[in-house]
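The values are calculated or read from the model by the stated rules, or taken from the named source; none is laboratory data. The shown structure was predicted, so the numbers you read here are calculated from the model rather than taken from an experiment. Cβ placement follows ideal geometry from the backbone for every residue including glycine, while neighbour counts extend to all protein chains displayed.
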Amino acid sequence: MPTHARLIRIFGGGKFITKRKTARVKKLFNPESYLVEDEMMKVGIIRCLAHSKKCPGTNCFKAIREKEGKFNQYDKVELVGFTTCGGCLLEDNQSLFDEVDLLVMRGAETIHLSSCLVIRCPYLEKIRELINKNYPKLNIVVETHTINPQVKKTHA
């Protein structure tokens with residue numbers, strides 16, 4: 001019996017073993033394997049509403065396609081939505097929640113806060129806290145692509 005199969009038994013294996021649980025146990029047993037094989041991560045991206053008028057998301061899409069920046073941690077990525085933060089007036093959090101609800105309804109497991117939010121948004125931490133508080137099961141990743149000086153000029 002392979003060692004990972006023994007670990008599955010130890011960690012509560014039964015007839016309801018999922019691929020995800022098997023992959024996690026294999027990862028525990030083999031620390032060199034940081035990526036889960038054949039597992040599609042469903043990702044949603046939230047970007048700056050004001051900046052969305054200037055940027056079509058080219059660098060974010062390139063990062064997903066080429067597994068660069070913060071997307072290098074996934075084996076496979078499915079982008080389920082690309083939306084905005086809802087605007088700078090965070091007194092009305094409902095618009096942010098509406099956007100996150102749409103991403104969750106479409107299956108998002110992880111939300112990336114785009115690089116334009118990292119550069120431009122004075123409310124970045126508040127947005128992150130609100131999403132964490134209201135959607136505790138979602139993974140929140142800050143940044144989509146690496147920010148080089150040339151990109152900073154176009155995002156400022």
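Here are some conditions: (1) among the acidic types (D, E); (2) part of a helix (DSSP H, G or I); (3) out of contact with any Ser or Thr (no Cβ under 6 Å at 6 or more places or on another chain). E99 meets all but one. Which one does it not meet?
Only one criterion in (1) among the acidic types (D, E); (2) part of a helix (DSSP H, G or I); (3) out of contact with any Ser or Thr (no Cβ under 6 Å at 6 or more places or on another chain) is unmet by E99, namely (3).
Which residue out of T154, T146 is at pLDDT below 85, outside any helix (DSSP H, G or I) and either touching a Gly at 6+ places or on another chain (Cβ under 9 Å) or closer than 18 Å to A50 by Cβ (or both)?
Sole residue among the options that is at pLDDT below 85, outside any helix (DSSP H, G or I) and either touching a Gly at 6+ places or on another chain (Cβ under 9 Å) or closer than 18 Å to A50 by Cβ (or both): T146.
With respect to the numbered conditions (1) among the charged types (D, E, K, R); (2) closer than 22 Å to M41 by Cα; (3) at pLDDT below 90, which one is the sole condition not fulfilled by E91?
All conditions pass for E91, except number (2).
Considering each of E99, E109, E125 in turn, give the residue that is assigned by TED's automatic domain parsing to the domain that holds I147 and surrounded by fewer than 15 Cβ atoms within 10 Å (Cβ to Cβ).
E125
Being within 19 Å of I147 (Cα to Cα), at pLDDT 90 or above and basic (K, R) narrows it down to one residue among K62, K42, K76, K54; which is it?
Result: K62 is the single residue among K62, K42, K76, K54 that is within 19 Å of I147 (Cα to Cα), at pLDDT 90 or above and basic (K, R).
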